[in-house]
Amino acid sequence: MSVTLNTATGRQGSKVVGLGHYRPERVVSNDELAKTIDTNDEWIRTRVGIAERHFAAPDETVEQMGAKAGEQAIADAGLRPSDIDTVMVATCTLPAQIRQASTKVASLLGIVSPGSFDINAACAGFCYGLANANSLIRSGEAGTVLLVGAEKLTDWVDPTDRANAIIFADGAGAAVITGSDTAEVGPVVWGSEIEHTETIGTTVPERKIYQEGQTVFRWATTKIPQLALDAVAKSGVQLSDIDVLVPHQANLRIVDAIARRLRAEGAREDLRVADDIVTTGNTSSASVPIALDRMRKAGTARSGDLVLAVGFGAGLTYAGQVFRCP
Amino acid sequence: MSDNTEILPGLAEIVEEVAGVPAADVTGDKSFTDDLDIDSLSMVEIAVQAEDKFGVKIPDDELANLKTVQDAVDYIQRNK
Ligand SMILES: CC(C)(COP(=O)(O)OP(=O)(O)OC[C@H]1O[C@@H](n2cnc3c(N)ncnc32)[C@H](O)[C@@H]1OP(=O)(O)O)[C@@H](O)C(=O)NCCC(=O)NCCS
């Protein structure tokens with residue numbers, strides 16, 4: 001005898017209804033780094049675009065930072081923790097493998113027994129998470145999702161490795177996504193580079209980040225503009241409809257190269273481009289939500305704006321989509 | 001594009017566009033780093049555009065060997 005299973009009843013679309021972010025208290029300038037490593041302010045500013053970044057306190061955890069960002073995002077959405085049924089944390093910097101950041105974030109926020117799981121898509125984590133949240137809501141598997149990107153990269157960087165110690169930083173960003181009668185989060189475009197599985201990684205047994213910087217730079221400046229164009233096409237809008245561009249904040253020169261290419265392809269001259277790396281550094285999966293929330297608070301991203309986000313990093317893996325700014 | 005005399009002007013145009021160095025200053029004897037003040041990331045952008053323009057592959061490890069403009073012209077000549 002054959003039986004059939006129910007399927008969940010989903011929603012037509014989803015929308016981002018709240019954002020939040022947290023940057024640790026300690027601000028570290030280029031000059032401070034130059035006291036212990038052979039580098040200088042000018043090199044860092046011109047090569048990477050960073051002026052300062054935030055480092056977490058030694059005892060501050062990925063989950064504590066994530067919960068602070070999540071709490072803001074829930075409040076921003078006008079919701080309560082009890083309204084969240086699914087918690088997803090994008091992170092690649094937990095100190096242990098068998099440890100759910102999502103469950104700890106839920107516990108810190110008092111979200112009782114949500115579906116909770118972590119995503120590791122490195123610096124593309126937030127965009128992968130948003131795609132998953134959108135799909136879960138549209139399929140009816142989830143109602144309201146808290147998506148957090150949280151990283152403590154300083155745990156994974158050799159402080160004497162000048163190429164990486166100047167780039168990576170700590171922080172968290174978060175979004176609340178819920179059901180909508182219209183699609184306010186567009187379809188994701190994602191993919192990966194199977195010939196670049198070793199281009200960014202961590203050393204064994206030292207557990208410190210390494211990367212082939214120029215290979216990543218070449219790849220990001222050539223591949224990611226196309227990803228952005230594809231995400232716009234897939235969402236059914238025109239490039240000139242995009243108000244805000246938020247690329248993963250890896251290197252300001254990558255951000256500039258993406259923006260230049262998109263303007264050449266028809267993006268508006270007044271496209272507002274996230275340059276949050278200047279004071280936040282590279283916070284991997286947290287960089288997109290931190291950058292967008294800070295643009296919103298500064299008034300450079302406004303409610304109703306169409307945002308184009310692209311994430312890319314270790315894998316190499318990448319993802320991008322268009323969504324409406326809450 | 002066939003010979004050396006056509007590669008140099010094409011390359012100079014790319015250098016001007018990427019790094020803002022006037023094309024006229026981009027002559028064979030110049031060192032990219034020391035004379036033209038072009039850093040390694042701009043070199044990558046120049047390589048990407050040169051690949052398109054001249055139909056060559058310039059891998060990252062090769063890039064480090066292209067010290068002068070003439071090195072680049074010769075490399076493109078040999079490999080296209
Ligand atoms: C990492 C990155 C900044 C390094 O820049 P680079 O120009 O490739 O650096 P290189 O290692 O080739 O070094 C170039 C020169 O700067 C020097 N240098 C390297 N790091 C330095 C530092 N922190 N301070 C001062 N000088 C430095 C090198 O010694 C070298 O000097 P030399 O030419 O006299 O030998 C750059 O490659 C990059 O940002 N790539 C993209 C990485 C990225 O976005 N990753 C994404 C992760 S999600």
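Please state the equivalent ellipsoid semi-axes for the range A:1-153: what are the square roots of 5 times the Cα gyration tensor eigenvalues, largest first, in whole Å? List each step's numbers first, then the result.
Numbers: eigenvalues 259, 51, 45 Å².
Here the semi-axes work out to 36, 16, 15 Å.
Between B:THR33 and residues 5 or more places away or on another chain, which pairs have amide H atoms under 5 Å apart, with H built 1.01 Å from N, and which residues are they?
B:ILE38
Send over a whole-number figure in Å² for the accessible area per residue of chain A, probe 1.4 Å.
Details: 13630 Å² over 326 residues.
Solvent-accessible surface per residue comes out at 42 Å².
Sorted by accessible area with a 1.4 angstrom probe, largest first, how do B:ASP60, B:ASP52, B:ASP25 fall? Let's see the in-between values first.
Working: B:ASP60 30, B:ASP52 135, B:ASP25 70 Å².
So the residues, ranked largest to smallest area, are B:ASP52, B:ASP25, B:ASP60.
Rounding to the nearest 10 and keeping the result within 0 to 90°, find how far the Cα-based axis of helix A:287-298 lies from the longest principal axis of chain A.
Its long axis makes an angle of about 90 degrees.
Which whole-number percent is the relative contact order of the range A:189-325 (Cα, under 8 Å, 6+ apart)? Before the final figure, lay out each step's value.
Values: 230 pairs, mean separation 47.3, N = 137.
Normalised by residue count, the contact order of the range A:189-325 is 34 percent.
Sort A:125-135, A:268-278, A:32-42, B:30-40 by packing, meaning the average of other beta carbons within 10 Å per residue, with the highest value first.
Working: A:125-135: 26.5, A:268-278: 17.7, A:32-42: 13.3, B:30-40: 16.0.
So the order, starting with the most tightly packed, is A:125-135, A:268-278, B:30-40, A:32-42.
Could you give the angle, 0 to 90 degrees to the nearest 10, between helix A:125-139's Cα long axis and the longest principal axis of the Cα atoms of chain A?
0
Most fluctuating residue of A:ASN30, A:ASN282, A:ASN251 in a GNM of chain A with Cα springs under 10 Å: which is it?
Between A:ASN30, A:ASN282, A:ASN251, it is A:ASN30 that shows the largest mean-square fluctuation.
Over the range A:138-195, calculate the relative contact order: mean separation of alpha carbon pairs under 8 Å at least 6 apart, over the residue count, as a percent.
Details: 48 pairs, mean separation 22.9, N = 58.
Relative contact order here is 39 percent.
Would you mind checking the tilt of helix A:213-235 against the longest principal axis of the Cα atoms of chain A, expressed as 0 to 90 degrees and rounded to 10?
Helix A:213-235 and the main axis of chain A meet at about 30 degrees.
Mean residue ellipticity at 222 nm from the helices of chain B, using -39,500 (n - 2.57) per DSSP H segment of n ≥ 4 over the full residue count, to the nearest 500 deg cm²/dmol?
Details: 4 runs with 46 residues, N = 80.
Computed ellipticity for chain B at 222 nm equals -17500 deg cm²/dmol.
In the Gaussian network model of chain A, springs joining C-alpha atoms below 10 Å, which of A:SER192, A:SER303, A:SER107 carries the largest mean-square fluctuation?
Between A:SER192, A:SER303, A:SER107, it is A:SER303 that shows the largest mean-square fluctuation.
Got a number for carbon plus sulfur as a percent of the protein assembly as shown's accessible area, 1.4 Å probe? Walk me through the numbers before you get to the answer.
Details: 8650 of 17730 Å².
Looking at the protein assembly as shown in its full context, I get 49 percent from C and S.
Give the cross-link partners of A:LYS68 among the lysines, using a straight C-alpha distance below 17 Å as the criterion and excluding same-chain residues fewer than 8 apart.
A:LYS104, A:LYS152, A:LYS297
What residues does the range B:25-65 have that are buried by at least 30 Å² of accessible area in the full protein assembly compared to the chain on its own, 1.4 angstrom probe?
At a threshold of 30 Å² (probe 1.4 Å), the residues of the range B:25-65 that become less exposed are B:ASP39, B:SER40, B:LEU41, B:VAL44, B:GLU45, B:VAL48, B:ASP60.
Shape of the range A:144-226 from its Cα gyration tensor (a ≥ b ≥ c, root eigenvalues): rounded if a/c is under 1.5, otherwise prolate when a/b > b/c, or oblate?
Working: a/c = 2.67, a/b = 1.54, b/c = 1.74.
Judged from the Cα gyration tensor, the range A:144-226 comes out oblate (a/c at least 1.5, b/c at or above a/b).
Consider all pairwise Cα distances in chain B and report the whole-number % of them above 22 Å. Working shown, then result.
Details: 275 of 3160 pairs.
Result for the distance tail: 9 percent.
When you take every Cα atom in the range A:186-326, what is the radius of gyration, and what is Dmax, the widest Cα pair distance, in Å?
Calculated on Cα positions, Rg and Dmax stand at 14.9, 48 Å.
Show me, for the range B:29-40, the HN-Hα J-couplings you get by feeding each phi into the Karplus relation (A = 6.51, B = -1.76, C = 1.60, θ = phi - 60°), rounded to Hz, glycine and proline as x.
6, 6, 8, 4, 6, 6, 8, 9, 6, 9, 8, 5
If you count only protein heavy atoms and use a 1.4 Å probe, how large is the accessible surface of B:MET43, to the nearest 10 Å²?
20
As a test of the definition: which semi-axes, in Å, follow for chain A when you take the square root of five times each eigenvalue of its alpha carbon gyration tensor? Largest first, please.
On the way: eigenvalues 177, 109, 70 Å².
Over the Cα atoms of chain A, the semi-axes work out to 30, 23, 19 Å.
Are any of the pairs B:LYS30/B:LYS67; A:LYS15/A:LYS223; B:LYS30/B:LYS57 more than 19 Å apart by Cα-Cα distance, and if so, which?
Values: B:LYS30/B:LYS67 9 Å; A:LYS15/A:LYS223 27 Å; B:LYS30/B:LYS57 22 Å.
Long pairs (Cα-Cα over 19 Å): A:LYS15/A:LYS223; B:LYS30/B:LYS57.
Considering only C-alpha atoms, what is the centroid distance from the range A:125-191 to the range A:53-91, in Å?
12
Roughly how much accessible area, to the nearest 100 Å², goes out of reach of solvent when A and B pair up, both sides summed, probe 1.4 Å? If you can, show how the numbers build up before the last one.
Details: alone 14180 and 4610 Å², together 17730 Å².
It comes to approximately 1100 Å² buried between A and B.
The values are calculated or read from the model by the stated rules, or taken from the named source; none is laboratory data. Quick caveat, the model's predicted, so the values are computed rather than measured. Note: ideal-geometry Cβ built from the backbone for every residue, glycine included; neighbour counts use all protein chains shown. Surface areas here come from the heavy atoms of the whole protein model, side chains and all, with no ligands, DNA or RNA. Shrake-Rupley method; radii C 1.70, N 1.55, O 1.52, S 1.80 Å.
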